[in-house]
Structure formats: structure tokens, C-alpha cells
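See structure below.
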Amino acid sequence: MSRYKPLLYPLLAVMMIGSNAQTALAQSSIYRPATEATARQQQMLRDTLPFADQRDFEESQRGFIAAPGYRQILGAAGNVVWDMGRYDFLLNGQDYDSIHPSLQRQATLNMNYGLYEVVPDFIYQIRGYDLANMTLVRGERGWILFDVLLTRETAAAALAFANEQLGERPVTAVVYSHSHIDHFGGVRGVVDEADVQSGQVDIFAPVGFMDEAIAENVYAGNAMSRRASYQYGNPLAASPFGQVDSAIGKALARGSSGLIAPTVVIRDDFEEHTIDGVRVVFQNTPGTEAPAEMNAWFPDSRVFWAAENITATIHNIYTLRGALVRDALAWSRQINEALYRFGQQAEVMVSSHNWPRWGNERIQEVMRDQRDAYANLNNQVLNLANRGVTINEMHNEYQVPDSLQQSWAVRQYHGSEFHNSRAVINRYLGYWDGNPATLVPLSPADSAPLYIEMMGGAAAVLERGQALFDEGQYHLAMEIVNKLVYAEPDNQEGKSLLAGIFEQLGYQYESASVRNVFLVAAQELRYGVAPAGPARGTSPDLARAMTTLQWWDAMATRVDSQRADGMAFIINFVTPDTDETFVIEMRSGTLTAITGYQSDAANATIRLDRSLLDQVIMGQTTLAAQLTSGAGEVEGDIGVLQQLASVLVEFDPVFEIMPGTAAIQ
């Protein structure tokens, strides 16, 4: 029997459309198969990893009630928002040399699809409808929903299927476990904001939720979105040679997201509430997987809800899409606190991703493994740093202890020991390794031509790079061929060879994120960056949640400082409906904003209701157009807005990452 246990998914196997696997393989024709060197590594891993431990497969299928009769979720316009069927190739029991065996195991486990009973007549989960799970808790009057997925469409479909199987019940409360959008973005698919405003539905969230939900994406949003396409493998076809998983779920749904502000904010470290007759103790865990996050404990049923702090993988200390580095030690401490406060009694542990665990011994095992993994990462990286290992060496020196490597619960599917270890040293010591040569280095494109000259030119580099590739020495090959691509971005032979190198490395990595990064880069080197689709403005909910000061600060990041240097003006900005005042100042090629003040030296004073500014934030109009139409008032020189507009940069959503891959617009 295959180590991936496809027979644990009999309903899915029956539902597979015969052409799905063939379609996936056809789409993957742009990819190359695994080389002999990669295949040998994968076989070695199959022979040494603890595949005999099948508990995850048993737990992931425990309580299965039903799968829906559809594999796709469609939007109002008929667009595909979610397609579970594109991953059906994972259910045939075949070993793929183009997928790390441990990652293939995780990807197969994440094929959970449908409704599951976690605690009889009390807690249920919908899995496989989005990156996250929706957890339904039976209250006295209706459902308490813990996390409501990424999109309105997937959330509505999930709730509808649960009601179809379990009986129609109203939603009486929603709990946002944390400030990442895949946990709150689907809220409008399950509740009506009027019911929230009337008090019929309460929404619970951790302290700092609203600020963090918006702030993370405001200032570097364009760069973060572009990098996210690498991390999640968005441009890749789902196939054994492309995107296979996202570690904590299959992928991100592609629908409409929204946000309804919480009505109850959990402020204390531990705070007990009775929600629709159910006692819940919340544990705030700031600075862990998200800046604002909380666990929950159900004392009457001994169920521990671990949010995204404990899943079936080691998470990101540094997420490759880009974000502030997280605190591995604080994360470990919060798990330890939960272990001693709740874990000693817990009989069920459920999370917002992957699958639950049952039995106190099993729960404590997983909690301790996760606690130890984050603590070891923090402590051993600092141990090595204090012995002189630098940020440019750390990923090659840090090793996960063998005992933890034998635990499936802490394998490196989302985070990896490579980028996480560098993140820890960066958190404490920063990016510099202490060598003056790396403090103010040349840019890669400036230094690469000298390397190529000293190596005897492009032909010599290509010959040696190909030889290293043929020997399976992919990292060494990458070192020199990457220099060639930076020196000669139009050298298609070089780009093709580097793509092949990236591809084999992607096949070999256990982390879905790292795999995706290498495979997307390979695809773009071969075919260029796909052109951007139609621009999508900020959703109305997220626009309303952004503060006016955040919007002005984000506007400041779009100023081309070289063009703006020498420009000087001051704007008093007022939003009468919110009674807020701001001073906006352009000076030294820099735009600054402050709230709570007005300037006597202003060149112009602008009054515009915040409700009307929302349309500007959503990208539906411009500030100048609003004022010209009479929506607001201007005193003084309105020309300052034209000056500002003349130095603003429109960011390219598909900017070039690898040299010579820019999209043709």
C-alpha cells in the first residue's frame, strides 16, 4: 500500500474526473522531469523518513461526514473561485520524483474536503474549501464560527454545506482568531452587517486586530503581492511539476474579501466569555504567528483551539512574501503557556488549518514538539551567532535536532530551517554579517560582469554550469549561472539553464513555499512574467478600515523623491464627518503627515468627508476629481494637488524579479 494512503479518501477517489490528472500533466508540459540526481535524493528520503507513522492520516479522516458533490466553487460571474479537483493527481498513490516525499505526504493529507465532526454534537469543521478551515461550534441558538475563510464565496459555500448536512442554524457569533485575511475575509458570506450592528451577531477578535489587519499590507502591499505570487505559486499549474500544496492548506481562493469590524475585543491575557451559551476562555498570543492572535479553551468539553499557532507544520518566522520577522522565542513561550494552562487537560486540539488531534497524550506530544521546535530555532541560532556564524552562513550551519526531524508535526512545510534560521539572526543582529565588503556592496547587476569576465566569458560559464548540472551539483551551478543572468539578462541560454537548475532545486525542497519560489522563478526565466490582469481596487471594507493617516503615509511611499526634491507645500486636510484634522507637508522630496494639527502656513485647506475619501482609497476616483466635482471644499491653491500628482509613481504589480523577465505590456 502506498505511503500516501489514497484509500483513506474513497469518496474523493470516486468523484475524480478521469481527465483531471491528464489535464494537470498536460499543463505541466512546460516543466522538465526530475533528473537522476533528484530521483536518488527522493528515494533516499522515502527510505529514511518515518512513513510507518500513519497517525496523521487516521486523525485527518476521523469524523468525516460528507463531501460535496462539486469540486469547484464559482463566483457570481461564473469565475472559478476555488478548484479542489485540480489536485486530484495526489490521490492516485503514485510516488512523484518531482515532489519531496515528505511534502507529497503533507499535500495528500491536505486533500481533506468536506464536513467533519470534531466533537460529537458540538464542534465541526469544513475543510478543503479554502486555505484555512471553518470551524463551527454548536451554541444554544445557532452556530459560533471560528474563522470564516478568505472569500465571501468560499465561506458562503462552506456554511451552506454544513447547514445542508447538519440542519439549518443561524450564525450567532463569529470569532476572528487573528489578523490575517484568510481568517476574516469571508465574513460577508456568513453574516449580514445589519445583524452585527443590531447586536444579533457578535464578532470577537484579539486586541490590536483592526490595526494589524490593515497595517501589514498598506505600505509594502505591491511588493508583498508580487512576492506572494512566488511564495504561493500562483502562476504555476497544479501538477506534480508545479504547485502541489501550501503546507497549511492547498492554496488561496480567488474571490471577494471583506471585513466587518469586531464588536468584542479580547484585551486581557486570558479572558472568559459565554457565547451563545458556550463558555470560552481566550488566550491572547501577540507576536506569534500574527501580531494580533488568540487561542481559545472550551473548559466544559476540554477542547483547545490553537488558532494558527499550532498547525501540522513549522510555520514562518520570516514569511517569503515579506513581513516583519516574528519572534520564535515568544511563539514557543505562548505554546508552553497553553500547554501548562490547558494542554494538561485537553482531550481535543483543533486549529484553523490542517486537522485536529485527539487524546491528551497525543496533544501534549504535538504541543511539546512545536514548543521545542521554535525554542530550538531561536536558541541554537543565537548559540551559533555567538560563536561567529553569520547570517550568510546560518542556513547552512543550523540543523534541526534528529529527534524533532522524526516528528511529522514539526516538518518544514511552510517555514523552512533555511529562511527561518536567517530570520532569527536578522531579528537580533540585522542583515549585516560583519564583513565590510558586504556592508555597502555593489548591486548584483554591477558586480556580475566582472565575475563573468574573470571566468572566461559566457560560453565558459555555460559549459561549466551545464557540467555541474549534469553532476547534480545544483547549488554550485546556481552560483555561477545566476551571475551570468545578472551580467547578461538577454542571454536566453543562460536563463534556460538557470531555470533548469531552479526547477530541480524546487523539486528537492520540503517546504512548499521554497518549492514554489524556485518553480515560479524558473517559469518566469523561460517565458517571462505574465502580464498583469485588470487592476483590482481596495475592497470597500478594507478601504473603510484603513485610517486616513495610513492612507496619507501610503501615498508618501509613492512619491518619487528625485522628482519631488525642491517642491514645497503644506496642506491642511480635514474630514468633517469624523472630525479629524491633518497637516500634509511636502519638503526635501518627502511627504509627511500628522494628525491632530492644522498649520497657519498652509497653501491649501481641503475638507472632504471620510466617507467620500473611501472612494479614492478604493481606486474609484481621485482626490482632485472629488474636489473638482464639488464633493468637498478647497480654500487656497488647489494647484498643490497637481504638484503632488506629478510626482506620484504607479507601481507595476508584475515588476521584474529575475533579470530579463519583464512582462511585455
Mean projected area, convex hull of alpha-carbon positions in region 503-581, reported to one decimal in nm², is 9.9 nm²
So, relative contact order of the chain in percent, Cα under 8 Å, 6 or more apart, is 11 percent
Dividing the alpha-carbon radius of gyration of region 275-425 by 2.2 N^0.38 Å, where N counts its residues, gives 1.06
For the pair residue 160 and residue 496, the simple spin-label estimate (label points 7 Å beyond Cα toward Cβ) gives in nm 4.8 nm
Along region 445-450, Karplus-curve 3J(HN,Hα) (6.51, -1.76, 1.60; θ = phi - 60°) to the nearest Hz, with x for Gly and Pro, reads 5, 7, 8, 4, x, 5
With all protein chains present, region 374-421 has a carbon and sulfur share of its accessible area (1.4 Å probe) in percent of 39 percent
Taking the chain, the whole-percent share of alpha-carbon pairs separated by over 34 angstrom is 49 percent
A correct Karplus calculation of ³J(HN,Hα) over region 99-111, with 6.51 cos²θ - 1.76 cosθ + 1.60, θ = phi - 60°, whole Hz and x for Gly and Pro, returns 10, 3, x, 5, 5, 4, 4, 5, 5, 6, 4, 6, 7
With every protein chain in place, the accessible area of residue 372 for a 1.4 Å probe, in Å² rounded to the nearest 10, comes to 60 Å²
Residue-normalised value, i.e. accessible area per residue, for the chain at 1.4 Å probe, in Å², stands at 41 Å²
Descending packing, highest mean Cβ count within 10 Å first, for 234-241, 555-562, 109-116 is 109-116, 234-241, 555-562
With the dipole of the chain defined by +1 on each Lys or Arg Cβ and -1 on each Asp or Glu Cβ, the option from 50, 77, 183 whose Cα lies farthest towards the positive pole is 50
Rounded to the nearest whole number, the per residue volume of the convex hull around the C-alpha atoms of region 465-604 in Å³ is 192 Å³
Stretched fully, the stretch from residue 347 through residue 72 gains (0.36 nm per residue minus C-alpha distance, one decimal, in nm) 95.6 nm
At 25 °C in a medium of viscosity 0.890 mPa s, region 596-651 has a Stokes-Einstein diffusion coefficient, with Rh taken as the Kirkwood radius over alpha carbon pairs, in µm² per second, of 199 µm²/s
For 596-605, 243-252, 166-175, 476-485, ranked highest to lowest by mean beta-carbon neighbours within 10 Å, the order is 243-252, 476-485, 166-175, 596-605
Packing-ranked peptide list from 572-583, 285-296, 488-499, 342-353, highest mean Cβ count within 10 angstrom first, is 285-296, 342-353, 488-499, 572-583
Over region 384-443, the quotient of the Cα radius of gyration and 2.2 N^0.38 Å is 1.32
Percent antiparallel among DSSP beta bridges confined to the chain, rounded to 5, stands at 75 percent
The size of the Cβ-based charge dipole (Lys, Arg +1; Asp, Glu -1) of the chain about the Cα centre, to the nearest 20 debye, is 1200 debye
Residues whose modelled amide H sits under 5 Å from the amide H of residue 238, counting only those 5 or more places away in sequence or on another chain, are 243
Listed by chain and number, the residues whose amide H is under 5 Å from that of residue 594, excluding neighbours fewer than 5 places away on the same chain and using placed H, are 583
What the Cα atoms of region 110-255 span along the principal axes, largest first and in whole Å, is 46, 35, 21
Taking r as the C-beta separation of residue 447 and residue 475 and R0 as 25 Å, the FRET efficiency to the nearest 0.05 is 0.85
Placing +1 on each Lys and Arg Cβ and -1 on each Asp and Glu Cβ in the chain, then taking the dipole about the Cα centre, the residue among 159, 654, 90 whose Cα reaches farthest towards the positive end is 90
Once the dipole of the chain is set up from charges on Cβ (+1 Lys and Arg, -1 Asp and Glu), the residue from the list 406, 133, 201 lying farthest towards its positive end is 406
For residue 418, the accessible surface traced by a 1.4 Å probe with all protein chains present amounts, in square angstrom to the nearest 10, to 70 Å²
With the convex hull built on the alpha-carbon atoms of region 366-499, volume per residue in Å³ sits at 144 Å³
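The values are calculated or read from the model by the stated rules, or taken from the named source; none is laboratory data. On a predicted model such as this, the values are computed, not experimentally measured, just so you know. Here Cβ is always computed from backbone atoms with ideal geometry, including for glycine, and neighbour counts include all displayed protein chains. When the accessible area is computed, the model is the full protein with side chains, heavy atoms only, and any ligands, DNA or RNA have been set aside. Shrake-Rupley method; radii C 1.70, N 1.55, O 1.52, S 1.80 Å.
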